[in-house]
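Here the structure is laid out as structure tokens; the discussion comes afterwards.
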Amino acid sequence: MTLSAAGLRPEALRLGFIGTGRLATTLARSMAQCGLAVTMVANRSPDAARQLAQAIAGCKSATPQEVAAGCDLIFITTIDGAIAATADGLAWRADSAVVHCSGVTEVSVLAKPAQDGALTGGFHPLQSFGTVEAALRSLPGCTITIEAPAALDALLSQIAIRLQCRVNHLPPGARARYHASAGYASQFVHVLLREASQVWQSWGASEEDAVAALLPLLRGTLASLQSAGLAGGLPGPVSRGDIDSVARHVAALSALDPALLALYQLLCARSIPLGLERGGINAAQAARLRVLLGA
């Protein structure tokens, strides 16, 4: 079945994966569960490919070239640094589509499939893949970012919707900005909790104590954000114009660690526009806060 003959019906296509890590395993199993035909998977470790193939009815392990020749829609799910070499090293069918699942890598690295006549694009789930089982639970409801020409975009969007995901369309050249933005809601949360745990350790508490105490606070913050929005759900002293509390924070952190203070001042200063938007502070309070924070 070719892409044109399928009439952009994803259930009529043979899907293949080159690379069988946690992201690929999550996507392949999820796609199979929603009625799509995942027919071949390949990996540099044949045992890893066989393990994934055995988990999906009608799927077999294969070589990368067999996937390229025998599938209509191929997902390259190797590590980012291997995407270009994988694409360059294979012969691709002109009636197929080849997409990678990297958030930061430009679609232009798929030059060889495009030269061979295949449609090319990007299909990136904006989600963490710490473990396959956790990712299988969290995939529905997440956003999948698609960058592709119109026909392939429509096909990939259908697949994302079948996975119960939201769709974000990305223009060429924006992937690095897009991927960097994800860090604010992902790895930087870990950094912020580590910074907070260092404050806790100043009075003898452990990192484990800090995380156990702060995680429920983080969950409550996320719930507030979801219900009231970025500005409306903003907590903390900046949101209500409590300048005295901010001054006490600045004094305490200044005595503890100048680096902690610098990060606190930066984050507080970036909170001021949200506080103004929320209506919790006025222009005069914002000006006083900026002076206090060295902004």
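The values are calculated or read from the model by the stated rules, or taken from the named source; none is laboratory data. Predicted, not measured: the structure shown is a model, and the values here were computed from it. Positions of Cβ are generated from backbone atoms using ideal geometry, with glycine treated the same way; all protein chains shown enter the neighbour counts.
The set of residues in region 65-80 that are touching a Ser or Thr at 6+ places or on another chain (Cβ under 8 Å) and not acidic (Asp, Glu) comprises 68, 70, 71, 73, 74, 76, 77, 78.
Tell me whether region 171-190 contains one or more residues that are under 27 Å from residue 36 (Cα atoms), touching a Gly at 6+ places or on another chain (Cβ under 8 Å) and modelled with pLDDT of 95 or more. No, region 171-190 has no match at all. Take region 23-46 and flag every residue that is over 19 Å from residue 163 (Cα atoms) and in a helix (DSSP H, G or I). Selection gives 46 alone. For region 216-295, the helices (runs of 4 or more DSSP H) that sit wholly inside it and include 2 or more residues that are among the small types (Gly, Ala, Ser) are 243-256, 258-278, 283-292. Against the list (1) surrounded by 18 or more Cβ atoms within 10 Å (Cβ to Cβ); (2) modelled with pLDDT of 95 or more; (3) not acidic (Asp, Glu), the condition residue 104 fails is (1).
Within region 190-200, does at least one residue satisfy the condition of being surrounded by 15 or more Cβ atoms within 10 Å (Cβ to Cβ) and in contact with a Ser or Thr (Cβ under 9 Å, 6 or more places away or on another chain)? Yes, region 190-200 contains at least one residue that is surrounded by 15 or more Cβ atoms within 10 Å (Cβ to Cβ) and in contact with a Ser or Thr (Cβ under 9 Å, 6 or more places away or on another chain).
Yes or no: residue 67 assigned to a helix (DSSP H, G or I) and either over 23 Å from residue 168 (Cβ atoms) or aromatic (Phe, Trp, Tyr) (or both)? Spelling it out, residue 67 is indeed assigned to a helix (DSSP H, G or I) and either over 23 Å from residue 168 (Cβ atoms) or aromatic (Phe, Trp, Tyr) (or both).
Hey, among the residues in region 193-213 that are assigned to a helix (DSSP H, G or I) and in contact (Cβ under 8 Å) with a residue 40 or more places away in the chain, which one's nearest to residue 142 (Cα to Cα)?
Among them, the one singled out is 195.
Annotation for region 164-175: at least one member residue is loosely packed, with under 14 Cβ neighbours inside 10 Å, in the same structural domain as residue 11 (by TED's automatic domain parsing), among the polar types (S, T, N, Q) and not in a helix (DSSP H, G or I). A single entry from 9, 14 fulfils the requirement of being more than 20 Å from residue 129 (Cβ to Cβ) and at pLDDT 95 or above: 14. Restricted to region 15-49, and to residues there that are within 21 Å of residue 83 (Cα to Cα) and among the basic types (Lys, Arg), the residue that is surrounded by the fewest Cβ atoms within 10 Å (Cβ to Cβ) is 44. Filtering 116, 88, 72 for residues that are of a type in the set (Asp, Glu), assigned by TED's automatic domain parsing to the domain that holds residue 38 and farther than 26 Å from residue 45 by Cα leaves a single hit, 116. Within the set 178, 184, the sole residue that is surrounded by 15 or more Cβ atoms within 10 Å (Cβ to Cβ) and assigned to a helix (DSSP H, G or I) turns out to be 178.
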